[in-house]
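Below is one structure, written out as structure tokens; comments come after it.
The values are calculated or read from the model by the stated rules, or taken from the named source; none is laboratory data. Since we're looking at a predicted model, the values are computed, not measured. Glycine also receives a Cβ, built like all others from the backbone with ideal geometry; neighbour counts cover every protein chain displayed.
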């Protein structure tokens with residue numbers, strides 16, 4: 001069972017955490033958080049509220065594919081809108097090797113609350129380990145986070161962790177924010193898993 005971002009920040013390049021200066025977890029720490037349910041195929045997402053109206057989002061998923069295949073999916077910046085739900089556009093604006101500038105547009109919401117948002121992200125890549133992102137400009141007061149990849153023991157795929165600290169630059173009730181985060185992020189994580197596993201020709205029941 002999936003457990004647990006309006007533009008969903010999750011749609012915005014998937015993209016991290018750091019609640020104001022927090023230090024990223026180490027690879028071992030992240031892998032140690034993998035529950036049996038996640039390793040069996042579930043998606044786990046936790047949403048909490050920090051001071052200054054910042055929303056903290058954390059997600060975990062196990063992918064039966066090599067870290068290199070997961071990495072290629074996460075860094076396919078020009079095509080992530082082809083497989084990420086509700087992401088409308090994604091463009092690589094600048095490429096300086098491990099440092100990149102990306103602009104993305106997504107749309108999400110419920111009933112009469114619909115929002116299309118655009119964000120430009122500064123991205124820094126640490127090959128096959130993690131991808132850190134932070135808003136350069138866009139529709140958020142705070143948007144910062146990272147994807148972290150941890151190779152599972154005995155070659156049993158990759159454990160992927162998503163962390164993000166988010167505060168929209170527009171009104172969004174906390175309860176609505178939580179609901180949309182919990183609804184959208186599992187879809188994003190599942191889409192990434194499907195794309196990575198298809199590259200590795202893994203078929204799930």
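Scanning region 143-171 for residues that are buried (at least 22 other Cβ atoms within 10 Å of the Cβ) and within 16 Å of residue 53 (Cβ to Cβ) returns 143, 144, 164, 165, 166. Taking the criterion of being farther than 24 Å from residue 52 by Cβ and not in a strand (DSSP E or B), the residues of region 112-142 that qualify are 112, 127, 128, 129. Where helices (runs of 4 or more DSSP H) sit wholly within region 1-78, those with at least 3 residues that are surrounded by 15 or more Cβ atoms within 10 Å (Cβ to Cβ) and modelled with pLDDT under 90 occupy 27-32.
Taken as a whole, the structure leaves residue 93 outside the set of residues that are within 24 Å of residue 167 (Cβ to Cβ) and surrounded by 15 or more Cβ atoms within 10 Å (Cβ to Cβ).
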